[in-house]
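Asker: Following this message is one structure expressed as structure tokens.
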Amino acid sequence: MNQLSPKPLRALITGGAGFIGSHLAEYLVAQGQTVHAVDDLSTGSIENLDSLRGNPNFSHTIADVREEQTLAELVDRADIIYHLAAAVGVRLIVESPVRTIETNVGCTEVVLKMANKKRKKVIVASTSEVYGKNELVPFREDHDLVLGPTVKARWAYACSKAIDEFLALAYWRARRLPVVVTRLFNTVGPRQTGRYGMVLPTFVRQALMGQPITVFGDGKQSRCFSAVDEVVEALAALAEAPQAVGQVVNVGSDQEITIGELAELVKEMADSDSPITYVPYEQAYAEGFEDMARRMPDVSKLKSLVGFAPRKDIRGIVSAVIEHYRER
Ligand code: UDP
């Protein structure tokens, strides 16, 4: 290769068959990079990678990221690692607490250890869940994390991801391993499954099947939903921004909607006769379940680092998800 056609960047995506991982793989391949995905298919699905099947710039391995030998080889062949493998979804977290903690902490430990051996940059996917019950909206990266008690299983997710963040930042501070910690806010789009509790695919499926649309609590809690295609673009841009190294960065949209409004919107856009029903949290999850009233990112850091933040409006996002489910 001469200087005019530099070797394409080789990306390794852990959790590459997951919802966000598969969109990231498609995006990076479209940008001319070569991508290898590693996934144990515990919550991801090989069908998510259908569009990349046979593409010479894409390959995958089905394995648990904690298989050190396998991971070491994959890290060796990559220039950069996007670490997305994790246990996600409030339902999964509440129902499988051991798996959540072990997966989230164990995978990150191995990824950082291997990346450090080979001196490869790591983009770590963390979550807005780490802000917990903080009421100081919008959430800025240097705000306090306000978590509930350890007897409430939900907080294990935030805590396990916070440990991932601490570990990544420790590798940067103590070993100069280049890392970027990204806190993803509610990311939605085609291929996201409602199986692990995520609200938008759940509402869309309910609306299309004529089943009750289940709003948990009073529906006044709000979220900011961002489109997965814009989120993966932001991740790729952060990977290329030298100033992002060693930083924690919110990735999301700051357009807020209540869950009650979201239910109405899905019902209207899907042209559905489904009733909207309100389900108490205790019934939806478990006794004493805690939800957060608002969750909105301050995206000024993301904008200053890469020049943009996800901005697609919620109607367009909902429409893409409805179309995806209709096709299926
Ligand atoms: N939610 C809901 N009905 C559902 C699933 C979720 O009302 O069938 C609510 C949930 O209680 C939360 C919001 O929708 O207030 C977003 O939930 P999700 O699990 O998608 O993400 P979270 O922001 O809680 O991580």
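Asker: Could you compute Rg(Cα) / (2.2 N^0.38 Å) for the chain, with N its residue count?
Answerer: Relative to the rule-of-thumb radius for its length, the chain sits at 0.97.
Asker: Would you mind calculating the gained length between LYS133 and LYS303 on full extension (0.36 nm times residue separation, minus the Cα-Cα distance), in nm to one decimal? Display every interim value, and only then the final one.
Answerer: Details: separation 170, 0.36 × 170 = 61.20 nm, distance 2.49 nm.
Result: 58.7 nm gained on full extension.
Asker: Follow-up question, since we're still on this one. Given charges of +1 on the Cβ of Lys and Arg and -1 on the Cβ of Asp and Glu, with all other atoms neutral, how large is the dipole of the chain about its Cα centre, in debye to the nearest 20?
Answerer: So the magnitude is around 1020 debye.
Asker: Right, something else. At a 1.4 Å probe radius, which order do LYS301, LYS161 fall into by accessible area, largest first?
Answerer: Values: LYS301 55, LYS161 10 Å².
From most accessible down to least: LYS301, LYS161.
Asker: Here is a further query. At R0 = 30 Å, how high is the FRET efficiency between ARG328 and SER42 if r is their beta carbon distance? Nearest 0.05 is fine. Working shown, then result.
Answerer: Numbers: r = 21 Å, r/R0 = 0.71.
In this case the efficiency is close to 0.90.
Asker: Order 185-192, 211-218, 88-95 from most to least packed using the mean count of other Cβ atoms within 10 Å. Write down the numbers at each step before the final one.
Answerer: Working: 185-192: 22.1, 211-218: 17.4, 88-95: 20.4.
Packing proxy ranking, top to bottom: 185-192, 88-95, 211-218.
Asker: How would HIS60, HIS324, HIS83 rank on accessible area, largest to smallest, probe 1.4 Å?
Answerer: Numbers: HIS60 85, HIS324 35, HIS83 5 Å².
Result of the area sort, largest leading: HIS60, HIS324, HIS83.
Asker: For the stretch 1-70, just the Cα atoms, rotate onto the principal axes and tell me the three extents in Å, largest first.
Answerer: On the principal axes, the stretch 1-70 reaches 41, 28, 19 Å in Cα extent.
Asker: I need the calculated FRET efficiency for the pair ASP291 and LYS113, taking r as the beta carbon distance and R₀ as 35 Å, to the nearest 0.05. Spell out each step's value before the answer.
Answerer: Values: r = 35 Å, r/R0 = 1.00.
Computed FRET efficiency for ASP291 and LYS113: 0.50.
Asker: Related question: Report LEU9's accessible area, 1.4 Å probe, all protein chains in place, as a number in Å² to the nearest 10.
Answerer: Surface open to solvent at LEU9 totals about 70 Å².
Asker: Sticking with the crude label model, points 7 Å out along Cα→Cβ, report the distance from ASP271 to ALA72 in nm, one decimal please.
Answerer: Here the answer is 5.9 nm between the modelled labels.
Asker: Here's something else I'd like to know. Please list SER59, SER22 from largest to smallest accessible area, probe radius 1.4 Å, with all protein chains kept in place. Don't jump to the answer; show the numbers that get you there.
Answerer: Numbers: SER59 50, SER22 0 Å².
Output order, biggest surface exposure first: SER59, SER22.
Asker: Next question, about the same structure. Quickly rank 221-234, 260-273 as a protection proxy: mean count of other C-beta atoms within 10 Å, highest first.
Answerer: Ranking, from highest mean packing down: 221-234, 260-273.
Asker: With a cut-off of 8 Å between alpha carbons and a minimum separation of six or more residues, what is the relative contact order of the stretch 161-298 in percent? The partial results should precede the final answer.
Answerer: Details: 201 pairs, mean separation 47.5, N = 138.
Contact order relative to length: 34 percent.
Asker: Still on this structure, please answer the following. Dipole of the stretch 101-154, Cα-centred, from +1 at each Lys and Arg C-beta and -1 at each Asp and Glu C-beta, to the nearest 20 debye? Walk me through the numbers before you get to the answer.
Answerer: Working: 10 positive and 7 negative charges, 99 e Å.
It comes to approximately 480 debye.
Asker: Also, I was wondering about something else. Please compute the contact order of the stretch 1-130 in relative form: average sequence separation of alpha-carbon pairs under 8 Å and at least six residues apart, divided by the residue count, as a percent.
Answerer: Numbers: 207 pairs, mean separation 33.6, N = 130.
About 26 percent, as a whole number.
Asker: Translational D (Stokes-Einstein, µm²/s) of the stretch 1-151 at 10 °C and 1.306 mPa s when Rh comes from the Kirkwood sum over C-alpha pairs? Write down the numbers at each step before the final one.
Answerer: Working: Rh = 16.7 Å.
Translational diffusion coefficient: 95 µm²/s.
Asker: Using only alpha carbon positions, build the gyration tensor of the stretch 211-328, then give the equivalent ellipsoid semi-axes as the square roots of 5 times its eigenvalues, largest first, whole angstrom. Please report the intermediate quantities before stating the final value.
Answerer: Details: eigenvalues 191, 73, 25 Å².
Over the Cα atoms of the stretch 211-328, the semi-axes work out to 31, 19, 11 Å.
Asker: Pairs of alpha-carbon atoms within less than 8 angstrom and 6+ residues apart define the contacts here; what relative contact order does the chain have, in percent? List each step's numbers first, then the result.
Answerer: Working: 652 pairs, mean separation 55.8, N = 328.
Relative contact order for the chain comes out at 17 percent.
Asker: Label LYS152 and VAL279 with points 7 Å out from Cα along Cα→Cβ: what is the distance between them in nm?
Answerer: 1.9
Asker: Given labels modelled 7 Å from the Cα in the Cβ direction, how far is it in nm from GLN243 to SER319?
Answerer: Taking the simple label geometry, GLN243 and SER319 are separated by 3.5 nm.
Asker: A further question on this structure: Find how much the distance from ARG195 to LEU169 grows on full extension, using 0.36 nm per residue of separation minus their present alpha carbon separation; answer in nm with one decimal. List each step's numbers first, then the result.
Answerer: Numbers: separation 26, 0.36 × 26 = 9.36 nm, distance 3.20 nm.
Going from the current span to full extension adds 6.2 nm.
Asker: Further, regarding this structure: From the C-alpha gyration tensor of the stretch 116-195, pull out the three semi-axes of the equivalent ellipsoid (sqrt of 5λ each), sorted largest to smallest, in whole Å. Display every interim value, and only then the final one.
Answerer: Working: eigenvalues 116, 61, 34 Å².
In descending order the semi-axes read 24, 18, 13 Å.
Asker: Then there is this: Using the per-residue mean of other Cβ atoms lying within 10 Å as a proxy for protection, in what order, highest first, do the peptides 44-51, 248-255 fall?
Answerer: Numbers: 44-51: 16.6, 248-255: 23.1.
Highest-to-lowest ranking by the protection proxy: 248-255, 44-51.
The values are calculated or read from the model by the stated rules, or taken from the named source; none is laboratory data. As the structure is a prediction and not an experimental result, all values here were calculated from the model. FYI the Cβ positions are ideal-geometry reconstructions off the backbone, even for glycines, and counts take in every protein chain you see. The area values use the complete protein model at the heavy-atom level, side chains included, leaving out ligands, DNA and RNA. Shrake-Rupley method; radii C 1.70, N 1.55, O 1.52, S 1.80 Å.
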